[in-house]
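Visitor: Below you'll find the structure I mean.
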Amino acid sequence: MSTTISSSTDLLSAAEAAAKKANTANAASSASGASSSTSSDALSSLTSNYNQFLTLLTTQLQNQDPTSPMTSDTFTSELAQFAGVEQQIQTNTNLTQLLSLNQDNEVSQGTSLVGRQAVASSSQLPLQNGSAELQINPTSAETVGIAITNSAGSVVRTQTLSLPAGTTDWTWNGQDDSGNTLSDGSYSAAVVTQDSSGNTTAVPFSVVGTITGVSKDASNGVDVDMGSSIIDMSSVSSLLNSGTSGSSASPTS
């Protein structure tokens, strides 16, 4: 092996910390995807400010000193700035509409993927029908620690495995470390290795799941649903017709 593991406990502790971090990142990503601002709000705000500006300008003109009339340069410049901002907002609105139409087209095409099994580069692990799967890809023979957290960030499953270089399929039967069967849903996964000095390194992996839906997101992208897991379509690396082709590792020791 290329590295020596200091202890199984230390390795699993590192995996648990990485899985909790992944869960926090996934939760933050879901929250940001659920919120967005619209061009119509910006245009409405601009209209309100523009009306206030005209009211102030009219008041200034009505109360100006006739012996020293105010110059038109200032408010002409401000009018030009308002016009420029309005044009930019309208341009952004048109671009948003074009992106939305493109999304609609991608979603329409993506519906053909529903029911297909897919491999995606994501730490969101979909537990579907009591089963979940990782494709772990160490670059050399390694002992790795695997940790899975639920949506609340609590670690529910851990395991150490000695893996060869290349792709290994790891299947989780949906049970926690105490043997309790967990409900289907979106979990977060991490796979790490650790050298004799205690230095932790993330091991590349992908998740495998069945696509159950395709939808638009708030950032003008398209997501695939794998049960409760919502994954950016750009993260999908391949589709599987049936089963997987890598070597396999049992989820229980």
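Visitor: Among the residues of the stretch 153-176, what is the count of those that are touching a residue at least 40 places away in the same chain (Cβ under 8 Å), more than 11 Å from Leu134 (Cβ to Cβ) and outside any strand (DSSP E or B)?
Guide: 5
Visitor: In the stretch 177-186, is there at least one residue being of a type in the set (A, V, I, L, M, F, W, C), in a strand (DSSP E or B) and assigned by TED's automatic domain parsing to the domain that holds Asn26?
Guide: No, the stretch 177-186 contains no residue that is of a type in the set (A, V, I, L, M, F, W, C), in a strand (DSSP E or B) and assigned by TED's automatic domain parsing to the domain that holds Asn26.
Visitor: Might you check whether a residue that is under 19 Å from Ala15 (Cβ atoms), surrounded by fewer than 20 Cβ atoms within 10 Å (Cβ to Cβ), touching a Gly at 6+ places or on another chain (Cβ under 7 Å) and modelled with pLDDT under 95 occurs anywhere in the stretch 143-159?
Guide: yes
Visitor: Then there's this: Which pairs do you get when a residue that is free of Cβ contacts under 8 Å to residues at least 60 places away in the same chain, found in the stretch 178-205, comes within reach of a residue that is of a type in the set (Val, Ile, Thr), reach meaning Cβ atoms under 8 angstrom, with the pair 6+ apart or on two chains?
Guide: Here the result reads Leu182/Val156; Thr201/Val192; Thr201/Thr193, each pair linking the stretch 178-205 to a residue that is of a type in the set (Val, Ile, Thr).
So that you can scan it fast, the table gives a plain yes or no per residue for (1) at pLDDT 90 or above; (2) surrounded by fewer than 15 Cβ atoms within 10 Å (Cβ to Cβ); (3) under 24 Å from Gly145 (Cα atoms):
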{"site": "Ala189", "(1), (2), (3)": "yes, no, yes"}
{"site": "Val192", "(1), (2), (3)": "yes, no, yes"}
{"site": "Ser206", "(1), (2), (3)": "yes, no, yes"}
{"site": "Thr210", "(1), (2), (3)": "yes, no, no"}
{"site": "Ser219", "(1), (2), (3)": "no, yes, no"}
{"site": "Met226", "(1), (2), (3)": "yes, no, no"}
{"site": "Ser234", "(1), (2), (3)": "no, yes, no"}
{"site": "Ser242", "(1), (2), (3)": "no, yes, no"}
{"site": "Ser253", "(1), (2), (3)": "no, yes, yes"}
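The values are calculated or read from the model by the stated rules, or taken from the named source; none is laboratory data. Remember, it's a predicted structure, so these values are computed and weren't measured experimentally. Don't worry about glycine lacking a Cβ; one is built from the backbone with ideal geometry, like all the others, and counts go over all protein chains shown.
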